[in-house]
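A.B. asks: Can you read through this structure? Questions will come right after.
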Amino acid sequence: MTNALTATALRAVDALDAKGFAELFAPGGKITFGNVPTLEGRDAVEAGCVGFFATIDGMRHDIVNEWVVGNDTIVELTVTYTRKDGRKVAIPVVSIWTVGNSGLIDEYRVFFDLAPVFA
């Protein structure tokens, strides 16, 4: 069974809804995509997502496994990206986040290799 926050977060990113995704973060929440510098704060999270979403035509997250341990969630996914040329590319992804006392995300990390998406 998928955790409610997981479902909400994935629904937002699959809809390319940067604002909706950023609203899931605490005001000082942080996100790190791979080896890209960490973005801190909702505005930075939203701006980073807007920038990335502009490079693709869409994406779909399919959960392979999900583990929720205390305030931490680990999700193994297959993410299918729709490129600007219409081609679809699926890659493995792991996302890990921690929820604070506010019920919002304090820290979110995404581990993936996007090279196949842009090859």
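The values are calculated or read from the model by the stated rules, or taken from the named source; none is laboratory data. If you're wondering where the values come from, they're calculated on a predicted model, not measured in any experiment. FYI the Cβ positions are ideal-geometry reconstructions off the backbone, even for glycines, and counts take in every protein chain you see. Heavy atoms of the whole protein, side chains included, go into the accessibility calculation; ligands, DNA and RNA do not. Shrake-Rupley method; radii C 1.70, N 1.55, O 1.52, S 1.80 Å.
A.B. asks: In region 7-17, what count of residues is obtained for those that are surrounded by fewer than 19 Cβ atoms within 10 Å (Cβ to Cβ) and part of a helix (DSSP H, G or I)? Full working, then the answer.
C.D. replies: Taking region 7-17 and keeping what is surrounded by fewer than 19 Cβ atoms within 10 Å (Cβ to Cβ), we get 7-8, 11-12, 14-17.
Pick out the ones that are also part of a helix (DSSP H, G or I) and you get 7-8, 11-12, 14.
Number satisfying all stated conditions: 5.
A.B. asks: Only one residue in Asp113, Asp43 is in a loop (DSSP other than H, G, I, E, B) and on the phi < 0 side of the Ramachandran plot, so which one is that? Don't jump to the end; show me each part of the working.
C.D. replies: On the way: Asp43 fails: in a loop (DSSP other than H, G, I, E, B).
Of the residues listed, the single one that is in a loop (DSSP other than H, G, I, E, B) and on the phi < 0 side of the Ramachandran plot is Asp113.
A.B. asks: Just to be sure before I move on: is Lys30 farther than 24 Å from Thr2 by Cβ, among the basic types (Lys, Arg) and in contact (Cβ under 8 Å) with a residue 24 or more places away in the chain in the structure I sent? Steps first, answer last, please.
C.D. replies: Working: farther than 24 Å from Thr2 by Cβ: no; among the basic types (Lys, Arg): yes; in contact (Cβ under 8 Å) with a residue 24 or more places away in the chain: yes.
Considered against the rule, which asks whether it is farther than 24 Å from Thr2 by Cβ, among the basic types (Lys, Arg) and in contact (Cβ under 8 Å) with a residue 24 or more places away in the chain, Lys30 comes out as no.
A.B. asks: Moving on. From the list Val64, Val68, exactly one residue is in contact (Cβ under 8 Å) with a residue 40 or more places away in the chain, over 20 Å from Ala18 (Cα atoms) and either assigned to a strand (DSSP E or B) or open to solvent by 70 Å² or more (accessible area, probe 1.4 Å) (or both). Which is it? Explain how you work it out, then say what you get.
C.D. replies: Details: Val64 fails: in contact (Cβ under 8 Å) with a residue 40 or more places away in the chain.
The unique qualifying residue is Val68.
A.B. asks: So which of Thr82, Thr73, Thr55 ends up being open to solvent by less than 70 Å² (accessible area, probe 1.4 Å), under 14 Å from Ala9 (Cβ atoms) and polar (S, T, N, Q)?
C.D. replies: Numbers: Thr82 fails: under 14 Å from Ala9 (Cβ atoms); Thr55 fails: under 14 Å from Ala9 (Cβ atoms).
Answer to the check: Thr73.
A.B. asks: Of the residues Gly20, Gly29, Gly48, which single one is open to solvent by less than 60 Å² (accessible area, probe 1.4 Å), of a type outside the set (S, T, N, Q) and either out of contact with any strand residue (DSSP E or B) (no Cβ under 9 Å at 6 or more places or on another chain) or farther than 26 Å from Val64 by Cα (or both)?
C.D. replies: Numbers: Gly29 fails: either out of contact with any strand residue (DSSP E or B) (no Cβ under 9 Å at 6 or more places or on another chain) or farther than 26 Å from Val64 by Cα (or both); Gly48 fails: either out of contact with any strand residue (DSSP E or B) (no Cβ under 9 Å at 6 or more places or on another chain) or farther than 26 Å from Val64 by Cα (or both).
Just a single option satisfies the conditions, and that option is Gly20.
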